[in-house]
1. Be a star and scan region 226-253 for residues whose amide nitrogen sits under 15 Å from the point 7 Å along the Cα-to-Cβ vector of Gln5.
2. Angle check, please: helix 235-258 long axis (alpha carbons) against the longest principal axis of the chain (alpha carbons), in degrees 0 to 90, nearest 10.
3. Which of the listed residues, Gln238, Thr288, Pro263, is farthest toward the dipole's positive end in region 186-306, when Lys, Arg count +1 and Asp, Glu count -1 at the beta-carbon?
4. Roughly how many debye, to the nearest 20, is the charge dipole of region 1-133 about its Cα centre, given +1 on each Lys and Arg Cβ, -1 on each Asp and Glu Cβ, and no other charges?
5. Heavy atoms only, probe 1.4 angstrom, no DNA, RNA or ligands counted: give me Trp52, Trp241, Trp202 ranked by accessible area, highest first.
6. Out of Trp52, Ala154, Asn8, whose Cα points farthest toward the positive end of the dipole of the chain (charges: +1 Lys, Arg; -1 Asp, Glu; placed on Cβ)?
7. Starting from the Kirkwood radius over alpha-carbon pairs of the chain, derive D by Stokes-Einstein at 4 °C in a medium of 1.567 mPa s and give it in µm² s⁻¹.
8. When the dipole is taken about the Cα centre of the chain, and only Lys, Arg (+1) and Asp, Glu (-1) are charged at their Cβ, what size is it in debye, to the nearest 20?
Amino acid sequence: MAVFQLLNALAIRSQRYGAIAIRNVTVGLATLALQVALGAAGLGVSGLLLGWGLGQLAGALSLLRKSGLSDASARQSYTLRQGKAILRRFRHVPTVLAPAGALNVMGLQLPVILLAALHGPDVAGQFGLTQRVLTAPVALIGLAVAQVYLGSLAAVRRAGGEPPVRVFRDATRQLAVIGAIGTAVLLVFSEPLFLWVYGSSWATSGQMARMLSIALLFQIVASPLSQTLVVYGRHKTQLAWDSSRLLIVGSTVYFSSALGASPVQTVAGLSLATAATYALSWYLSWRTLAVAHAQWSQERPPRQLA
């Protein structure tokens, strides 16, 4: 998995989006085929885990030649001396972003755990299915946009050019349109669609999907643009946001249930709380870029008169 992430980051740095697209297809197809095959062989849950791991390996292999690993700029860091210099320069990054990543995952999974503890496994299963269905389009759109945005933003930062405030605005508008369309579809059609696809026993999932549509809109917009904090070194800000989201979503589910709210009402409160955290994430990214733009404007040399 580490090799996969490193090669993917190098491909983003080199803006080799074609190679990344091939990798995405390779990982998806390989993981699906391997998990089905291992499941048919009777490995059960172990087959799911092993299939996922081998799918990551297949993705890494697909990036090996096209990630830019053999470029001159990459070869400069092959020496031990240069490697030590890089580790010293960025030694603070894993100490902050690793806990932030753990808290990020916990913030996504904690509602399922709390719903299982407070309302039982049936409600947790209904919510889990809803979350899994809604996560797929968010991951597809968000990951693609985030990778392109990250590559472009990092290139501007390395070159010392003008922070791309306009790119941020354009991306916000485009993502907002996509998110609004998805939200409208969920608000109107989520319940009949879940009934049609999964059957009457999953009707509650359709109601939960409708409630989560608001959070989906804010997540589609803010999540890809949160790369701004990483590129501009606001790692502690990212850690603080991940910590606050974990606290907010956990408190919302717990206290809603403690006050006697139904599972669907609890999910509605969770949706509003999640939307608020992603709105904060967008603002932090925008503020970071605005401050960087102001600093760049002050430091750039004055224009010469014709």
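1. 230, 239
2. 10 degrees
3. Thr288
4. With Lys and Arg at +1 and Asp and Glu at -1, about 900 debye.
5. From most exposed to least exposed: Trp52, Trp202, Trp241.
6. Result: Ala154, furthest along the dipole toward the positive end.
7. 60 µm²/s
8. In total the dipole reaches around 1480 debye.
The values are calculated or read from the model by the stated rules, or taken from the named source; none is laboratory data. Everything numeric here is computed off the predicted structure, so don't read it as measured data. We place every Cβ from the backbone using ideal geometry, glycine too, and count neighbours over all the protein chains shown. For the accessible areas, the whole protein counts, side chains as well, though only heavy atoms, and no ligand, DNA or RNA atoms are used. Shrake-Rupley method; radii C 1.70, N 1.55, O 1.52, S 1.80 Å.
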